[in-house]
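K.L.:
Take this structure, written in structure tokens, and hold onto it; I'll ask about it next.
We did not get these values from a lab; they are worked out from the coordinates using the rules stated. Note that the structure is a prediction, hence the values are computed from the model and not measured. For neighbour counting, all protein chains shown are included, and Cβ atoms are generated from backbone atoms with ideal geometry for every residue, glycine included.
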Amino acid sequence: MTRTLLTLGHGYSAAALARRLTPQGWRVLGTHRDPARAPDLATRGIEPVLWQRAALEAALARASHVLVSAGPRDG
């Protein structure tokens, strides 16, 4: 079984988990809404996934595990 985690909302909690999992051989895909954030995620070993339907569907197809850690929006 492949160990691929998709984090929906790659913020503080998801980043903490990713730091523990990547040294164990896990592949981590992290969603983001701002394309400017992608290089930062990639630098940390996270595969950036833009919050768009096609990209999310492709990432879900590759994931063996999903973590929903997206915070609420203002309002």
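K.L.:
Consider segment 50-75. How many of its residues are β-branched (Val, Ile, Thr) and closer than 11 Å to Leu29 by Cα?
P.N.:
Total meeting the criteria: 1.
K.L.:
Which strands (runs of 3 or more DSSP E) sit wholly inside the chain and have at least 3 residues that are surrounded by fewer than 17 Cβ atoms within 10 Å (Cβ to Cβ), in contact (Cβ under 8 Å) with a residue 40 or more places away in the chain and not basic (Lys, Arg)?
P.N.:
Result: 65-68.
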